[in-house]
1. Test each condition in (1) at pLDDT below 95; (2) more than 23 Å from the chain's Cα centre (by Cα); (3) farther than 29 Å from residue 144 by Cα for residue 115 and report the one that comes out false.
2. Any residue in the range 39-53 that is closer than 10 Å to residue 26 by Cβ sitting within a Cβ distance under 6 Å of a residue that is part of a helix (DSSP H, G or I)? List the pairs, counting only those 6 or more apart or interchain.
3. If only one of 275, 257, 213 is crowded, with 18+ Cβ neighbours inside 10 Å, out of contact with any helix residue (DSSP H, G or I) (no Cβ under 9 Å at 6 or more places or on another chain) and touching a residue at least 60 places away in the same chain (Cβ under 8 Å), which one is it?
4. Restricting to the range 77-96, and then to whatever is under 25 Å from the mean Cα position of the chain (by Cα) and surrounded by 14 or more Cβ atoms within 10 Å (Cβ to Cβ), can you tell me which residue is nearest to residue 241 (Cα to Cα)?
5. Residue by residue through the range 118-128, note down the ones that are part of a loop (DSSP other than H, G, I, E, B) and under 14 Å from the mean Cα position of the chain (by Cα).
6. Anything in the range 54-80 that is in contact (Cβ under 8 Å) with a residue 24 or more places away in the chain and not in a helix (DSSP H, G or I)? List them, or say none.
7. Within the range 122-143, which residues are under 20 Å from residue 192 (Cα atoms) and surrounded by fewer than 17 Cβ atoms within 10 Å (Cβ to Cβ)?
8. Could you tell me whether the range 185-201 includes any residue that is at pLDDT 90 or above, out of contact with any helix residue (DSSP H, G or I) (no Cβ under 6 Å at 6 or more places or on another chain) and surrounded by fewer than 16 Cβ atoms within 10 Å (Cβ to Cβ)?
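The values are calculated or read from the model by the stated rules, or taken from the named source; none is laboratory data. The model shown is predicted, which means the values in this text are computed figures rather than measured ones. Methodologically, a virtual Cβ is constructed for each residue, glycine included, from the backbone with ideal geometry; neighbour enumeration extends over all protein chains shown.
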């Protein structure tokens, strides 16, 4: 698919540069597993974690065994990087506390956006989730300070009755590519992505060892494996914001996402929720005119 080809192309271009190691981790995509093998031939030191995949109904002893196995995989990553399986659990515990604090604050921002849907637009919201909560833009203290400022601005800003009357609340239900014009088209058409599949709806547990907390967070979340976990989150988001439509975006050539999107489209269609399935490129750039036209037509239909 476009995502795998784009990533492999970047690695190919960077071979011989400062990047010499690739950590592979994928729960469902077989082409990525093939990509790791190709990169070994390109001279990279590749370490591929055995995939985490929680099928529907996996609980009890079976889930506990999965958790134990995943913890051992994380120790393996540490050994690959440092030569030792030892992990600084005190530091990890502090980072978990920081992450939980920021998860709560970002959830507050998402909640406040519902009454001020156009104050923070769709693209900044996605970047807040995808980059902000993943790596804090490389500056955790500054990122948290910016989040605090946003909360204060949104909390003290009165709701605009005209905005609430004209807004078309939408849920973004699958991947988020780098064709940023799609999100601008949504905003320009009067839509607002107020619900997202990637919403951080759970905290990391602080009553268990930090490595176990890390693994349980993954297995209890929307990316645990089976599509039903993500579908449940999408449904929660639709109900929370009283969404009028659902956008399902995947990458060109990805058969896996096509299956998920079709199952979700059928499920939500039966519940009376209109949806549109989009395919775009993973690369940074302008979306095709066809994608933009379909997005605008979909939102106009909902108006």
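1. It is condition (3) that residue 115 fails.
2. 48/36; 49/73; 52/70
3. Of 275, 257, 213, the one residue that is crowded, with 18+ Cβ neighbours inside 10 Å, out of contact with any helix residue (DSSP H, G or I) (no Cβ under 9 Å at 6 or more places or on another chain) and touching a residue at least 60 places away in the same chain (Cβ under 8 Å) is 257.
4. 96
5. none
6. Correct list: 54, 55, 56.
7. Matches in the range 122-143: 124, 127, 130, 131.
8. No, the range 185-201 contains no residue that is at pLDDT 90 or above, out of contact with any helix residue (DSSP H, G or I) (no Cβ under 6 Å at 6 or more places or on another chain) and surrounded by fewer than 16 Cβ atoms within 10 Å (Cβ to Cβ).
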